[in-house]
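Quick notes on the structure that follows.
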Amino acid sequence: MNKIAVIGTGYVGLVSGTCLADFGMEITCIDNDTEKINALNNGIVPLYEPGLDIMIEKNCYYKRLNFSTDTKKAVEENEVIFIAVGTPPKEDGSADLQYVLKAAEEIASYMNGYKVIVNKSTVPVGTGLKIKEAIGDILKRRKVNFSFDIVSNPEFLREGAAVRDFIHPERVVLGADSQKAIDIMKEVYRVLYINETPFLITNLQTAELIKYASNAFLASKIAFINELTELCEKVGADIQQVSKGMGMDTRIGSKFLHAGPGYGGSCFPKDTKALTKTAKDNRCTLNIVEAAIIANENQKRRMAEKIISAMENVEGKTLSVLGLSFKPETDDMREAPSITIINSLFEKGARFRVYDPQGLKEAKCIFENIKASITYCINEYEACRDADAVIIITEWNQFRNLNLSKIKNLMKGNHFFDLRNIYDPEKLKQNGFIYISVGR
Ligand code: NAD
């Protein structure tokens, strides 16, 4: 099985397609965004992901990786077709399945023989069966009788480390009701299979739920440690030490226990909401996940309140914001804490000088409605010029070793809000800053 089509060339589709090409397969990445495909065909990578551009270039050179808008041709020429389109949240919190179902319908319209349709998008339990039904209906209308199998193959990659995560996954989950499809998928992932990556084979529903359960658990872990920060501040405890002490217990583990301004991104916020909606639809309540969602919103709001209360008033003040993307090493701004924090401070009359190593383009779209109050800067030091306060929201490595005396000289004021706890409080105080971090 060495020819595959991937429908949807976003963070997941592009990384998956490129890494599968690197495993030696011939991959066609499809997207209905002509601009994106044209850019990729001209050697321009439309998103920032470390190491991805080099890998794309290499696999295009060896002609194992192609980009196209021609879904019909891709469906006709490939037996295995991945779906990796978006599943954004709807108003009621449920996952919007229109793109997944549209992709499935397109596949059904062009099918010319047996196909394995592999869903990589994060979808609520039962979607695999919905896809099966939708395809079956179209084949019936077409009066053709091609057989096909649906596989749920949730993706666990992390933006910022996506290439490494895809090549060295901690597990590959495959949900299907057909042994034939599972055998084909093991062949697709042969490189991982022979490298002894654990494979978990389940039914469709279980695989779909594993993805949501994993994300909801991780989101709850972050929300848990973040919620403790307020108590730490009130009682004089240090959240860093609390995390460390907890993390030393292998039953708890040290990962995802770093206190900060709240989780964001394209997955945790929407997946936790979608999971609670699925539970409600099935007359269940997921109290812990619901609490994590609320705690996370509170944490983001609390960050703005901390800043306002420390500065007494931010009206007319210039705030330098370092880091806008939802985490380092990505340009993804979806649900980034910076959005809530900046908007809340804007409402209180603040102005901003902002810098992010990769997120500025996206930020300009997001903050379009308050653009008169935002100056986009070319580096962290320019962002600090004449600022009353510095706020580190995203812990890009280059913000970990700032030249503090240079910053102090550039600034008008001396408030330093470190929402990622990346600085030593004593050192900052010695440098003349009023230093405020999270939970310590
Ligand atoms: P994305 O928005 O970056 O990309 C989706 C792409 O699909 C877009 O380029 C869009 O133009 C394209 N598309 C939509 N409908 C299409 C169609 N009918 N034909 C061709 N192209 C079509 O989304 P993403 O971040 O890559 O996420 C994709 C899915 O993977 C989501 O369900 C998400 O929850 C899940 N996921 C994302 C991550 C992540 O870190 N981003 C990690 C794991 C899982």
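The values are calculated or read from the model by the stated rules, or taken from the named source; none is laboratory data. Remember, it's a predicted structure, so these values are computed and weren't measured experimentally. With ideal geometry, Cβ positions are generated from the backbone for all residues, glycine too; neighbour counts draw on all protein chains shown.
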Residue within segment 167-180 that is of a type in the set (Val, Ile, Thr) and out of contact with any helix residue (DSSP H, G or I) (no Cβ under 7 Å at 6 or more places or on another chain) present: no
Boolean, residue 215 is of a type in the set (S, T, N, Q), closer than 30 Å to residue 332 by Cα and at pLDDT 95 or above: yes
Pairs with Cβ under 6 Å, 6+ apart, first in segment 305-328 and in the same structural domain as residue 407 (by TED's automatic domain parsing), second in a helix (DSSP H, G or I) and surrounded by fewer than 21 Cβ atoms within 10 Å (Cβ to Cβ): 314/308
Condition met for residue 365 (crowded, with 20+ Cβ neighbours inside 10 Å and modelled with pLDDT of 95 or more): no
Segment 423-440, residues that are buried (at least 17 other Cβ atoms within 10 Å of the Cβ) and closer than 18 Å to residue 321 by Cβ: 423, 428, 433, 435, 436, 437, 438
In segment 306-333, residue surrounded by the most Cβ atoms within 10 Å (Cβ to Cβ) [restricted to those that are over 13 Å from residue 394 (Cα atoms) and in contact with a helix residue (DSSP H, G or I) (Cβ under 8 Å, 6 or more places away or on another chain)]: 319
Count - residues of segment 141-179 that are under 19 Å from the mean Cα position of the chain (by Cα), small (Gly, Ala, Ser) and part of a loop (DSSP other than H, G, I, E, B): 2
Test: residue in segment 404-416 that is part of a helix (DSSP H, G or I), within 25 Å of the chain's Cα centre (by Cα) and either assigned by TED's automatic domain parsing to the domain that holds residue 337 or more than 13 Å from residue 322 (Cβ to Cβ) (or both): no
Condition met for residue 132 (more than 11 Å from the ligand (Cβ to nearest atom), on the phi > 0 side of the Ramachandran plot and not assigned by TED's automatic domain parsing to the domain that holds residue 280): no
Qualifying residues in segment 206-248 (those that are in contact (Cβ under 8 Å) with a residue 12 or more places away in the chain and of a type in the set (Lys, Arg)) - the one surrounded by the most Cβ atoms within 10 Å (Cβ to Cβ): 211
Among residues of segment 140-161, those that are closer than 25 Å to residue 180 by Cα, buried (at least 17 other Cβ atoms within 10 Å of the Cβ) and among the aliphatic types (A, V, I, L, M), counted: 2
Qualifying residue in segment 223-230 (condition: closer than 17 Å to residue 327 by Cα, more than 16 Å from the ligand (Cβ to nearest atom), in a loop (DSSP other than H, G, I, E, B) and not assigned by TED's automatic domain parsing to the domain that holds residue 419): no
Residue check, residue 429 in a helix (DSSP H, G or I) and without any contact (Cβ under 8 Å) to a residue 12 or more places away in the chain: yes
Output for segment 73-118, where each listed residue is under 20 Å from residue 189 (Cα atoms), of a type outside the set (A, V, I, L, M) and touching a residue at least 60 places away in the same chain (Cβ under 8 Å): 77, 78, 79, 82
Among the candidates 163, 151, 172, residue that is assigned by TED's automatic domain parsing to the domain that holds residue 48, touching a residue at least 60 places away in the same chain (Cβ under 8 Å) and not basic (Lys, Arg): 163
Helices (runs of 4 or more DSSP H) lying entirely in segment 16-111 (those with 3 or more residues that are within 13 Å of the ligand (Cβ to nearest atom) and over 20 Å from the mean Cα position of the chain (by Cα)): 34-41, 71-77, 98-110
Subset of segment 112-140 [assigned to a helix (DSSP H, G or I) and more than 23 Å from residue 206 (Cβ to Cβ)]: 137, 138, 139, 140
Residue 191, sole failed condition from (1) within 17 Å of residue 18 (Cα to Cα); (2) part of a loop (DSSP other than H, G, I, E, B): (2)
Selection from segment 37-57 of residues that are surrounded by fewer than 20 Cβ atoms within 10 Å (Cβ to Cβ) and free of Cβ contacts under 8 Å to residues at least 40 places away in the same chain: 38, 39, 41, 42, 43, 44, 45, 46, 53, 54, 57
Among residues of segment 264-296, those that are in a loop (DSSP other than H, G, I, E, B), touching a residue at least 60 places away in the same chain (Cβ under 8 Å) and of a type in the set (Ser, Thr, Tyr), counted: 1
